[in-house]
1. Pick out the one residue from Ala99, Ala133, Ala113 that is of a type in the set (Gly, Ala, Ser) and in contact with a helix residue (DSSP H, G or I) (Cβ under 6 Å, 6 or more places away or on another chain).
2. Tell me which residues, restricted to segment 38-65, are under 17 Å from Ile107 (Cα atoms), of a type outside the set (Ser, Thr, Tyr) and surrounded by 14 or more Cβ atoms within 10 Å (Cβ to Cβ).
Amino acid sequence: MNRRRRLEKHNWLISKTESILKHYSCPESCNASCCKNHIIDFYRKEYEKILKNVDKECANILKSNAVKSELEGCYKAIVGQCPLLIKSKCRIYDNRPEACRNFPFVIFPDMEAGFGLTLLLCPMSVNIIQDCAQWYKSVNSTIYNQLNVLYEQYKNIDKNNDFCIQMKEHNLDSFIEFLERE
């Protein structure tokens, strides 16, 4: 897949995750384990934009913790708890990186398709799974049952879990339409 098509695919996935996530928010009970256990890659332009739009203290924290990533043109935040997290709240929430804005969705490089999409399990994503199961109820009873079992198993999850679900791209538009009707 050429560079232009990869960029188009990436942007398309970003728009789909944004359309889904506008229907959800992190529950108050969330302990921000995503910010405590994940490595976040910042694109260079995004990193520079964040540095320009946050206070000096946050910029200094970010500068002192960011290292070059193995991904081309990226920086990486520290492994472990994000240095910008205070009492489970993000200090730069309105300016947070793309990876944080899209969480619990993770867009990953895929050699054939350009990019793929997964959903990591956390308190918010369990609600997405429940709604996805309801959408599948009229589409595919086998997947509905699988997602329902998954929902029941994880509905009381209180932290992030490394278990993830591959999202089917061809279903994203229909799922978004379902959410918008609800």
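1. That would be Ala133, the only listed residue that is of a type in the set (Gly, Ala, Ser) and in contact with a helix residue (DSSP H, G or I) (Cβ under 6 Å, 6 or more places away or on another chain).
2. Of everything in segment 38-65, those that are under 17 Å from Ile107 (Cα atoms), of a type outside the set (Ser, Thr, Tyr) and surrounded by 14 or more Cβ atoms within 10 Å (Cβ to Cβ) turn out to be His38, Ile40, Asp41, Phe42, Glu46.
For every residue, the table says whether it meets (1) acidic (Asp, Glu); (2) surrounded by fewer than 18 Cβ atoms within 10 Å (Cβ to Cβ); (3) free of Cβ contacts under 8 Å to residues at least 12 places away in the same chain.
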{"position": "Glu98", "(1), (2), (3)": "yes, yes, no"}
{"position": "Val106", "(1), (2), (3)": "no, yes, no"}
{"position": "Leu117", "(1), (2), (3)": "no, no, no"}
{"position": "Cys132", "(1), (2), (3)": "no, no, no"}
{"position": "Tyr136", "(1), (2), (3)": "no, no, yes"}
{"position": "Tyr144", "(1), (2), (3)": "no, yes, yes"}
{"position": "Asn156", "(1), (2), (3)": "no, yes, yes"}
{"position": "Ile165", "(1), (2), (3)": "no, no, no"}
{"position": "His170", "(1), (2), (3)": "no, yes, yes"}
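Taken together, the values in this text are just the output of simple stated rules run on the coordinates, not laboratory data. None of the values given here were measured: they were computed from a predicted structure. Cβ atoms come from the backbone with ideal geometry, glycine included; neighbour counts cover every protein chain shown.
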